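Single-structure report; data block below.
None of the figures in this text is laboratory data; all of them are computed from the coordinates on show. Note that the structure is predicted; figures quoted are calculated from it, not measured. With ideal geometry, Cβ positions are generated from the backbone for all residues, glycine too; neighbour counts draw on all protein chains shown.
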Amino acid sequence: MPRYQIEPGHNHDTTATTGILLLNLGTPDAPTRQALKPYLKQFLSDPRVVEIPRALWWIILNGLILPTRPKKSAEKYASIWDKREGSPLRFHTEKQAKLLQGWLGERIQSPFVVDYAMRYGNPSIDSALARMNEQGCDRILAIPLYPQYAASSTASALDAVYHYMQRKRNQPALRTVRHFHDDAGYIAALTKNIQDYWMRNGRPDILIMSFHGVPRYTLDKGDPYYCECHKTARLLGEALGLSSEQYRITFQSRFGRAEWIKPYTAATLAELGKAKTARVDVVCPGFVADCLETLEEIAMEVKAEFQTAGGGEFHYIPALNENSAWINALGEITLANLHDWVNATWDANATKKASADTQQRAIVLGAKQ
């Protein structure tokens with residue numbers, strides 16, 4: 001197998017095209033045990049996700065987790081799987097990519113394409129980058145759809161992009177988005193999404209802002225995730241006009257026996273249930289698209305824990321998904337990072353003529369095309 005990919009022959013009249021690649025966590029191809037096993041193996045084999053020594057973790061993963069967990073996970077996925085559109089995370093991300101393509105198309109004239117990929121499962125990052133290569137993208141902006149940076153999410157997604165680039169002989173220019181946890185448009189989109197929900201359904205006694213959890217040691221080793229979650233929550237609370245008593249910041253999706261960053265979402269809701277809280281609303285600012293962690297873990301599991309403990313009404317506020325304010329924010333984030341790669345005054349005819357002139361000069365010097 002060659003170390004570097006064989007590239008198509010260079011064509012001197014090629015017009016520069018910009019690729020915008022949205023990156024999300026991932027999803028199995030189906031809510032079945034057979035589909036979950038390879039998905040979980042890929043996910044849990046990532047050293048960014050599990051930082052246990054590889055030899056020990058291989059035994060735990062293959063001997064204890066993969067023989068049992070796929071069946072349980074498949075049942076969870078089946079409970080949220082859309083009969084027509086499939087995986088919520090996948091179809092929401094796909095729709096966001098299409099809406100971003102349209103949003104940008106209203107503002108810039110130079111050639112560009114928008115695509116999306118999953119860090120684990122399909123469509124893979126390799127396949128999306130290969131499509132962009134076929135479309136002549138010599139400049140790529142990679143946007144991990146994680147508002148708050150974490151090594152286990154953002155860095156892992158970008159690792160996969162860099163790994164693809166390592167095999168490229170003719171690499172495109174590459175730009176990346178690190179985070180947007182305090183972006184004004186993102187905060188405004190979250191605020192409007194919550195306010196619209198409250199306008200239709202009334203307000204809660206307490207708003208829970210639940211973020212995905214990470215092991216405590218990641219904070220101790222310098223990962224900024226915990227701090228960025230708190231900044232997002234503070235800005236959102238201020239935008240909503242909430243006092244510190246009216247909202248709480250929690251962390252969900254704990255895995256394994258190690259201590260994770262606290263307070264835990266499930267434990268907090270159980271306490272509020274025991275206190276006979278009349279109504280809580282839960283929003284998950286770290287997820288820009290609904291997925292297993294929001295639709296099943298929060299809207300089903302945590303809801304049951306809260307109400308079983310004695311709590312009253314429980315409302316899950318949907319993720320941003322295709323919210324127009326979010327698409328506008330995503331568009332502005334994209335434009336801010338594209339800079340001079342695209343413009344609103346691009347002249348197709350002038351570019352075509354300049355490319356043809358370049359090709360003719362190259363042919364005179366011996367080029368084939």
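Considering only TRP326, TRP198, TRP103, the mean-square fluctuation computed in a Gaussian network model of the chain, springs between alpha carbons under 10 angstrom, is largest for TRP198. Antiparallel beta bridges, as assigned by DSSP with both residues in the chain, represent about 5 percent of the total such bridges. Computed over neighbours whose Cβ is under 13 Å from that of GLN34, the net charge equals +3, Lys and Arg +1, Asp and Glu -1.
Remark: spin-label model distance ARG178-ALA336 equals 1.3 nm, labels positioned 7 Å along the Cα→Cβ axis. Principal-axis analysis of the Cα atoms of the chain puts helix 33-44 at an angle of about 80° to the longest axis. Residues whose amide H falls under 5 Å from that of ILE206, counting only those 5 or more places apart or on a different chain, are ARG279, ASP281, with hydrogens built in the peptide plane.
Counting other Cβ atoms within 10 Å, which GluC sites (Glu not before Pro) in the stretch 234-337 have at most 11 and lie in a DSSP loop?
In loop regions of the stretch 234-337 (DSSP not H, G, I, E or B), the sparsely surrounded GluC sites (Glu not before Pro) are GLU245, GLU259.
Taking every DSSP beta bridge that has both ends in the stretch 184-316, the antiparallel portion is near 5%. A full extension of the chain between ILE59 and ALA267 corresponds to an added length of 71.8 nm, given 0.36 nm per residue minus the alpha carbon distance. Which residues in the stretch 264-280 place their backbone N less than 17 Å from a point set 7 Å from the Cα of ARG216 along the Cα-to-Cβ direction? Output list for this probe position: 264-268. In this structure, the residue pairs whose Cα-Cα separation is over 23 Å, taken from LYS95/LYS192; LYS76/LYS274; LYS37/LYS76; LYS41/LYS71; LYS168/LYS221, are LYS76/LYS274; LYS168/LYS221. Note on the chain: GNM, Cα springs under 10 Å; of ASP340, ASP115, ASP159, the largest mean-square fluctuation is that of ASP340. Fully extending the segment from ARG84 to ALA275 would add 64.7 nm, taking 0.36 nm per residue of separation and subtracting the current Cα-Cα distance. Using only the C-alpha atoms, the convex hull of the stretch 94-205 corresponds to 151 Å³ per residue. The angle between the Cα long axis of helix 125-134 and the longest principal axis of the Cα atoms of the chain comes to about 30 degrees, rounded to the nearest 10. For GLN307 and TRP198, a Förster radius of 22 Å and the Cβ-Cβ distance give a FRET efficiency of 0.60, rounded to the nearest 0.05. For the chain, modelled as a Gaussian network with Cα springs under 10 Å, which listed residue fluctuates most, MET132, MET199, MET300? Of MET132, MET199, MET300, the Gaussian network model singles out MET199 as fluctuating most.
Helical content alone sets the calculated 222 nm signal of the chain at -13000 deg cm²/dmol, taking -39,500 (n - 2.57) per DSSP H segment of four or more residues and averaging over every residue. Each peptide in 46-59, 208-221 was scored by the mean count of other Cβ atoms within 10 Å over its residues; highest first, the order is 208-221, 46-59. Charge tally for CYS137 (other residues, Cβ to Cβ under 14 Å; Lys, Arg +1; Asp, Glu -1): 0.
Using only alpha-carbon positions in the chain, the gyration tensor eigenvalues give semi-axes of 41, 26, 17 Å once each is multiplied by 5 and square-rooted (largest first). Taking the stretch 154-174 and a reference point 7 angstrom along Cα→Cβ of ARG3, the backbone N atoms nearer than 18 Å belong to 163-171.
What is the sum of charges around TYR164, taking Lys and Arg as +1, Asp and Glu as -1, for the other residues whose C-beta is under 14 Å from the C-beta of TYR164?
Working: positive: ARG3, ARG119, ARG131, ARG167, LYS168, ARG169; negative: GLU7, ASP115, ASP126, GLU134, ASP159.
Charge balance in the 14 Å sphere: +1.
Sparsely packed loop sites in the stretch 253-301 (the chymotrypsin sites (Phe, Trp or Tyr not before Pro) outside DSSP H, G, I, E and B with at most 14 other Cβ atoms within 10 Å) comprise PHE255.
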